[in-house]
Amino acid sequence: MTAFQELPLEILLEIFGFLDPTDIVCGVRMVCHAFYGTSLARSLWKDLLFQVCLENGIFSKTFDPEAMSIRDFEHATTMPRRFLQTHLRKPSPDNARIIKPSSKHYIDFLDEEIYRGKGFEKDIIRLYLIPGGRYLLTHHSHSIHMWDLGLPGDPRGVPKKLPLGSIDLHEQGANGAPGLTPHPTRDGKGILLFTCLDDMSDINTCTRDVRVYSIYPGAPEPRFTLVKNFTVLLPGESYGLYKLGYDMLVMVLENQMRVWNFITNESAVWKIEIVGQYESIFLKDECIILCDGRGLLIWDVPPLHPCNSAKAYEMQELPPILTLRLEEEIFPDLKFNYEGLADWYYSTGQPFYFDFVVCPQRTVHLTRYRLDLGPLPKDETFKLEGSVLIPHKLKRLMSFTVPEDDGILEEFRVADDNIVMYWSAPNGLNIQSIPRDMESQGTPEAIVVVYEMAMVDRYLSTLCSSSGRVCHLLQPDIIEIADFIPHPNQVIKLD
């Protein structure tokens with residue numbers, strides 16, 4: 001009988017490909033010389049890196065496998081688990097665990113040698129770390145920039161002091177964008193985002209020019225490129241909800257739902273009837289999910305028509321194919337909203353998770369659900385009874401509370417099969433991690449740690465939980481970049 005360690009290399013590589021990278025680094029390679037040699041195969045680590053990026057929604061162009069050493073591969077593939085297991089350990093009942101970064105770097109717009117005359121604005125509206133932690137989007141009043149911060153954990157700091165690409169919103173005449181909602185391109189190599197321009201020259205009509213841009217950070221000369229633009233006429237200045245996908249942008253404006261395919265330049269619009277106010281919209285698996293005052297309304301994407309045809313603007317009657325009503329009692333004066341995974345993750349095969357959030361008497365109460373979208377029945381309304389849905393499309397996972405003054409800073413992230421949320425509080429940045437399919441009748445034993453920093457408003461701090469990197473607005477003109485997972489080659493100097 002052949003000993004396990006005497007198996008051919010190709011068989012060992014096949015077996016190792018099913019193992020967790022952390023187990024290979026910390027255990028398996030120490031068994032024998034054959035296992036150690038197998039653990040140094042570049043082909044193995046390329047496959048493991050691809051799998052880790054897929055499972056954690058990491059932007060594939062964060063890494064350049066051809067330029068990476070084995071230590072680089074080990075660092076990249078173990079970052080999500082190291083961040084959760086090393087830092088997000090269960091704290092003592094009395095005190096949340098305080099964590100300290102292994103390194104800090106800065107983008108300082110006061111550095112005149114770099115930024116003078118370049119037109120950079122101090123009034124930052126939002127920061128967003130692309131999953132993987134290398135690329136940062138900054139949204140200013142009249143511009144959007146993408147920055148290459150270098151690989152998380154690299155102690156050498158930001159390699160490029162100027163952004164990879166920029167969108168000048170002055171040239172558009174825009175007041176800004178609805179918010180950074182980046183989405184990967186279908187080939188996984190680029191990033192999509194959109195902006196809006198409102199023309200209010202007619203006081204009775206708002207002409208909104210919606211523009212979709214793409215950027216490919218791995219290109220020799222990255223830059224934002226206009227993919228397509230689309231014009232919407234509104235009866236005055238109007239707030240809206242938007243959701244970006246691989247090739248579609250969904251817009252909820254007033255009592256209308258519009259879908260625009262910016263690749264084929266086709267569109268459709270229909271009336272919507274909602275209960276109370278609408279709070280959030282999601283695009284998942286070619287389904288549109290609108291969250292209103294009592295639950296979820298779900299539509300299939302209807303047939304679209306060329307934007308230069310009259311049918312693209314013809315108002316349709318299109319009722320939702322599925323209505324899911326939450327039996328949570330909502331009083332008219334009770335604040336509520338929905339929180340969910342960041343848009344980016346719905347492109348990576350993640351299930352649809354959302355929290356129904358209400359704010360009664362000095363607490364924030366969250367109820368977490370998972371919605372599995374398979375082939376949906378037509379013209380049926382299902383009712384949620386307690387924690388059981390008939391049929392089983394929606395599942396109530398748990399309920400928990402956070403203090404009233406703890407405002408969630410951005411949409412949830414994913415790391416190592418956990419859902420990670422975080423908020424700003426007087427004691428600093430609180431980070432909470434819960435296994436994504438954990439079920440609990442009471443308050444779950446959530447893991448919370450604190451990074452000591454000043455309180456910030458929503459969207460002025462951004463966390464990449466798969467790399468252990470946080471960026472936040474330290475001062476109006478300084479962005480701090482804090483890394484919590486050091487590279488194996490880095491020498492750590494503790495304060």
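Restricted to the range 342-361, and to residues there that are more than 17 Å from Tyr242 (Cβ to Cβ) and either touching a helix residue (DSSP H, G or I) at 6+ places or on another chain (Cβ under 6 Å) or part of a loop (DSSP other than H, G, I, E, B) (or both), the residue that is modelled with the highest pLDDT is Pro351. Scanning the range 259-282 finds no residues that are among the hydrophobic types (A, V, I, L, M, F, W, C), outside any loop (DSSP other than H, G, I, E, B) and more than 22 Å from Pro303 (Cβ to Cβ). Looking across the range 405-423 at every residue that is part of a strand (DSSP E or B) and modelled with pLDDT under 80, the one that is surrounded by the most Cβ atoms within 10 Å (Cβ to Cβ) is identified as Ile408. The residues listed here are Trp260, Trp270; of these, the one that is aromatic (Phe, Trp, Tyr), more than 18 Å from Leu192 (Cβ to Cβ) and either surrounded by 15 or more Cβ atoms within 10 Å (Cβ to Cβ) or touching a residue at least 24 places away in the same chain (Cβ under 8 Å) (or both) is Trp270. Within the range 295-334, restricting attention to residues that are among the acidic types (Asp, Glu) and over 20 Å from Ile281 (Cα atoms), the residue that is modelled with the highest pLDDT is Glu314. Just one of the listed residues (Val402, Val491, Val470) is at pLDDT below 75, crowded, with 20+ Cβ neighbours inside 10 Å and of a type in the set (A, V, I, L, M, F, W, C), namely Val402.
Of the residues in the range 227-236, at least one is surrounded by fewer than 14 Cβ atoms within 10 Å (Cβ to Cβ), within 30 Å of Leu164 (Cβ to Cβ), without any contact (Cβ under 8 Å) to a residue 40 or more places away in the chain and of a type in the set (S, T, N, Q). Filter the range 179-208 down to the residues that are assigned to a strand (DSSP E or B) and under 15 Å from Ile167 (Cα atoms), then identify the one that is modelled with the lowest pLDDT. Among residues in the range 179-208 that are assigned to a strand (DSSP E or B) and under 15 Å from Ile167 (Cα atoms), the one modelled with the lowest pLDDT is Leu197. Do you know which of the residues in the range 297-317 that are part of a strand (DSSP E or B) and of a type in the set (Asp, Glu) is surrounded by the fewest Cβ atoms within 10 Å (Cβ to Cβ)? Among those that are part of a strand (DSSP E or B) and of a type in the set (Asp, Glu), it is Glu317. The one condition from (1) over 28 Å from the mean Cα position of the chain (by Cα); (2) modelled with pLDDT under 90 that Asp292 does not meet is (1).
Here is a yes/no grid of residues against (1) within 24 Å of the chain's Cα centre (by Cα); (2) in contact (Cβ under 8 Å) with a residue 60 or more places away in the chain:
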{"residue": "Cys32", "(1), (2)": "no, no"}
{"residue": "Gly37", "(1), (2)": "no, no"}
{"residue": "Arg42", "(1), (2)": "no, no"}
{"residue": "Leu48", "(1), (2)": "yes, no"}
{"residue": "Leu54", "(1), (2)": "yes, yes"}
{"residue": "Ser60", "(1), (2)": "yes, yes"}
{"residue": "Phe63", "(1), (2)": "yes, yes"}
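Every residue, every condition in (1) assigned to a strand (DSSP E or B); (2) touching a Leu at 6+ places or on another chain (Cβ under 7 Å); (3) not hydroxyl-bearing (Ser, Thr, Tyr), yes or no:
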residue	(1), (2), (3)
Lys122	no, no, yes
Leu127	yes, yes, yes
Pro131	no, no, yes
Thr138	yes, yes, no
Trp147	yes, yes, yes
Gly150	no, no, yes
Pro155	no, no, yes
Pro159	no, no, yes
Leu162	no, no, yes
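Among the numbered conditions (1) out of contact with any strand residue (DSSP E or B) (no Cβ under 7 Å at 6 or more places or on another chain); (2) modelled with pLDDT of 85 or more; (3) closer than 22 Å to Asn489 by Cβ, the only one that Gln51 does not meet is (3).
Scanning the range 460-476 for residues that are closer than 20 Å to Leu341 by Cβ and part of a strand (DSSP E or B) yields Ser461, Thr462, Leu463, Cys464, Arg469, Val470, Cys471.
The values are calculated or read from the model by the stated rules, or taken from the named source; none is laboratory data. Every value quoted in this text rests on a predicted model; they were computed, and no experiment measured them. Methodologically, a virtual Cβ is constructed for each residue, glycine included, from the backbone with ideal geometry; neighbour enumeration extends over all protein chains shown.
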